[in-house]
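Asks: Take a look at this one; I'll ask things after.
Derivation of every value follows stated rules applied to the coordinates shown; laboratory data play no part. Because the structure is predicted, anything quoted here is derived from the model rather than measured. When we count neighbours, we look across all protein chains shown, and the Cβ atoms used for this are built from the backbone with ideal geometry, even at glycine.
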Amino acid sequence: MHQIFRHEVEWNGWPDGTFERMFTYAEVEAMQGLQVHWAMRRHGGDRKGDNFAKSVEGGKKSKWSCLGIIECDNPDCQIVIRPQTWPEQIENQLKQLCTCATSLHHLECGVFSILIRWSGGVKFSNHGQHAHQRPAHILHLSKDEKSRFKEIVTAHPTIGPLGLIVGVPGLHGPGESVADISDALLNAGRVGKERLKVKHGSDSGGGDSFISSFAKFS
Ligand SMILES: [Zn+2]
Ligand SMILES: [Zn+2]
């Protein structure tokens, strides 16, 4: 267990620079399927590889590329926008104006990651350094943040999203607010969705992780 937590700290969701690392499936699970916060697009997979290969060489390969960021032409504006996955979506994003009313442009990025799944785990390699800011609006919650959120929701099943943000009632007035857990939980719509996931017990880890269905392989 200690090892898993040590690795969990090392994986901050912003892989950067050129490196490679082998992960066991227990580690992949602890890191919520190698969750990543850069905006990434997956390329076609490898037809020959096998998830159950006995060696990493025979494993199934997938390639992911960073989509960079969208920013505006106003040098004083700090807004960084997360590109959507497909070119036509990005084109639509670029047709809009920034909230500062300036036009937007797409800053592309050449960084890519290669994942190889095999029976022993996942080999992850990262290629290149991101020469752009981190895209804003991190939509993910870490495993720890999720369990803190779940604790509050479970202890206060009748409190709605706004109440959870304002702070759940304690003995001496409002207590802990879910917004203290993460900025992602400042938004009532998001809190409502996360709350439903807790209530229905249907949080599968989301679709933003490299390995979203590790359970099948472990
Ligand atoms: Zn702007
Ligand atoms: Zn990048």
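Asks: Pull up all non-local amide H partners of Val111: gap of 5 or more, or a different chain, and H-to-H distance under 5 Å with H placed in the peptide plane.
Replies: Residues meeting the amide H criterion: Cys66.
Asks: Any idea how far apart Asp50 and Thr18 come out in nm if each label point goes 7 Å out from Cα toward Cβ?
Replies: Spacing of the two 7 Å Cα→Cβ label points: 3.2 nm.
Asks: What are the ³J(HN,Hα) values, in whole Hz, obtained from phi via the Karplus relation 6.51 cos²θ - 1.76 cosθ + 1.60 with θ = phi - 60°, for each residue of the range 71-79 in sequence order, with x given for Gly and Pro?
Replies: Values, residue by residue: 9, 9, 7, 8, x, 8, 8, 9, 6 Hz.
Asks: Which ³J(HN,Hα) values in Hz, rounded to whole numbers, follow from the phi angles of the range 147-160 under the Karplus curve 6.51 cos²θ - 1.76 cosθ + 1.60, where θ = phi - 60° and Gly and Pro get x?
Replies: 6, 5, 4, 4, 4, 5, 5, 5, 6, 10, x, 8, 7, x
Asks: Here's a follow-up. Enumerate the calculated ³J(HN,Hα) couplings along the range 48-55 in order (Karplus 6.51 cos²θ - 1.76 cosθ + 1.60, θ = phi - 60°), each rounded to whole Hz, writing x wherever the residue is Gly or Pro.
Replies: Each residue's phi maps through the Karplus curve to give 7, x, 10, 4, 9, 4, 7, 10 Hz.
Asks: Over 31 Å between Cα atoms: which of Lys123/Lys143; Lys63/Lys95; Lys61/Lys95; Lys63/Lys146 fall into that group?
Replies: Lys61/Lys95
Asks: Using only the Cα atoms of the range 143-200, build the gyration tensor, take square roots of its eigenvalues as a ≥ b ≥ c, and label the shape rounded, prolate or oblate: rounded if a/c is under 1.5, else prolate if a/b is larger than b/c, else oblate.
Replies: Here the range 143-200 falls in the rounded category.
Asks: So, one more: In debye to the nearest 20, how big a dipole does the range 143-200 give about its Cα centre with +1 on each Lys and Arg Cβ and -1 on each Asp and Glu Cβ?
Replies: Magnitude of the dipole: close to 340 debye.
Asks: Let me ask you something else. Highest mean first, what order results for 35-42, 152-159, 48-55 on Cβ atoms within 10 Å?
Replies: 35-42, 152-159, 48-55
Asks: Separate question: What residues qualify as long-range amide H neighbours of Cys72, i.e. H under 5 Å apart, gap of 5 or more or another chain, H built at 1.01 Å from N?
Replies: Correct list: His105.
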